1. Restricting attention to segment A:38-53, which residues are touching a helix residue (DSSP H, G or I) at 6+ places or on another chain (Cβ under 8 Å) and not in a helix (DSSP H, G or I)?
2. Looking at the structure I just gave you, is residue A:105 modelled with pLDDT under 95, surrounded by fewer than 23 Cβ atoms within 10 Å (Cβ to Cβ) and either within 14 Å of chain B (Cβ to nearest Cβ) or closer than 29 Å to residue A:86 by Cα (or both)?
3. For segment B:100-122, what are the residues that are part of a helix (DSSP H, G or I) and within 7 Å of chain A (Cβ to nearest Cβ)?
4. In segment B:123-157, which residue that is part of a loop (DSSP other than H, G, I, E, B) and more than 27 Å from residue B:211 (Cβ to Cβ) is farthest from the other protein chains (Cβ to nearest Cβ)?
5. State yes or no: is residue B:98 farther than 30 Å from residue B:221 by Cβ and either surrounded by 14 or more Cβ atoms within 10 Å (Cβ to Cβ) or at pLDDT 95 or above (or both)?
6. Based on this model, can you work out whether residue B:94 counts as within 14 Å of chain A (Cβ to nearest Cβ) and assigned to a helix (DSSP H, G or I)?
7. State the number of residues belonging to segment B:217-228 that are crowded, with 23+ Cβ neighbours inside 10 Å and over 14 Å from residue B:259 (Cα atoms).
8. Taking residue B:156 as meeting all but one of (1) under 22 Å from residue B:230 (Cα atoms); (2) out of contact with any helix residue (DSSP H, G or I) (no Cβ under 9 Å at 6 or more places or on another chain), write down the number of the exception.
């Protein structure tokens, strides 16, 4: 009887795993099947032409801009905030409220952030529909992610390291820089990777703050179209599934490369720290 | 209790020349929030001796040890009254915790080397205190590792991970790391409790050697260890010092019945 139960359970587990992998394979397979014929160097490296043909180079550049700018702002702020919450703040009600707030922020749908960005950065701060407006909005979206993951990473640093360092008559700041942050670095990095994924995958918030101009951005104050927004628009306006799928392939490859790089760096760091 | 008071008076009194006393603790009370963990602890710890703190789990011996370099400051809600005077200075009246901790080093229960090379671990303290000269650091690292009787075992692998060493070796590198700061006092919180018997023996031999240069206060759960290595022993129970005397006396003819019961293994 219990063998039968075991068998059923095992079948269920297998089924669930198979379903998950199956769906992934199906999606990736569909995208590659539809889009691979469009992929070539010209498609990637040439300007977009609304008359058909042309490439996605401006969108790649716009996407890279948003990643770099929002990470450049959110990473230091997020890490500092997490360090404050975890290492310095007295664990009381205020910290609980801040934690609750950051947790809630991760659950808000991105369109809401987009609306806020459109009202605040685009209109009130007069930054206009631009890469900078989108990047600032994205900063708010990924900040809680970076704070949470950095906090988790700091939690895993053994208390014994802190004590060992402080017992040698070092200051809290020295301990933080030389012992705690290096040990937490792999975890912090994984938070940054997660955020990159979030930025690349974001479309609604960017659509509302950076606009849809399909030309090479002249500066970070120009309106631009990122890859995801482009993919949405070509499907929506032209019904061009092949093109959308080809953009999907490019996105998948970018994410894959970023993940591998980050894993590689974090392994390297791990080894230099032992 | 009467004996503890008596002991305290003689410790504070005339017999012992003042110059020999390194650490003088008077009426120390410690609270974790509402809960009192130490009660009116008074003890004189002599220079270049090994003082052992024994007692059952939760008796306050580790808590007491951690007051001597103010490691309890790291815990929220700890309140302290009374005085701890080291070299004529009340350590709770001065706010220079950094200076205190360079003078009073600590070795913990479990080896807690940082995830760095052996060399970097030992050089960490001096570096953080501004020593940048490579030759000087090399010299400190070698001296400290020799001082912790581990130089010969690690001299060919100084640049490799400290975490690749055995537990016993790691603990001796921890001792070297503490020595590198050239402290006067070294506090040890059950330094051999995580080690195998052979490593324990090595650390004990080392303690005997280190006594020439350092004042050592060691918390131990192992009564044979206290008997083997220490000059004086304080017996803690429920946050009080029940008896403090020469180790030979504590283990042969203690004055207090509770001390006798504990050292003969009737409880604890």
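The values are calculated or read from the model by the stated rules, or taken from the named source; none is laboratory data. No experiment lies behind these values; they were computed from the predicted model shown. Glycine gets a Cβ as well: all are built from the backbone with ideal geometry, and neighbour counts include every protein chain shown.
1. If the condition is that a residue be touching a helix residue (DSSP H, G or I) at 6+ places or on another chain (Cβ under 8 Å) and not in a helix (DSSP H, G or I), then A:39, A:46, A:47, A:48 are the ones that fit.
2. Working: modelled with pLDDT under 95: yes; surrounded by fewer than 23 Cβ atoms within 10 Å (Cβ to Cβ): yes; either within 14 Å of chain B (Cβ to nearest Cβ) or closer than 29 Å to residue A:86 by Cα (or both): yes.
Yes.
3. B:101, B:102
4. Quick first cut of segment B:123-157, residues part of a loop (DSSP other than H, G, I, E, B) only: B:129-133, B:148-150.
From what's left, more than 27 Å from residue B:211 (Cβ to Cβ): B:130, B:132-133.
Numbers: B:130: 11, B:132: 14, B:133: 18 Å.
If we take residues in segment B:123-157 being part of a loop (DSSP other than H, G, I, E, B) and more than 27 Å from residue B:211 (Cβ to Cβ), then B:133 is farthest from the other protein chains (Cβ to nearest Cβ).
5. yes
6. Numbers: within 14 Å of chain A (Cβ to nearest Cβ): yes; assigned to a helix (DSSP H, G or I): no.
For residue B:94, the condition - within 14 Å of chain A (Cβ to nearest Cβ) and assigned to a helix (DSSP H, G or I) - is not met.
7. Taking segment B:217-228 first, the residues crowded, with 23+ Cβ neighbours inside 10 Å are B:217-220, B:226.
Cutting the leftovers down to over 14 Å from residue B:259 (Cα atoms) gives us B:217-220.
The qualifying residues number 4.
8. Result: residue B:156 passes all but (1).
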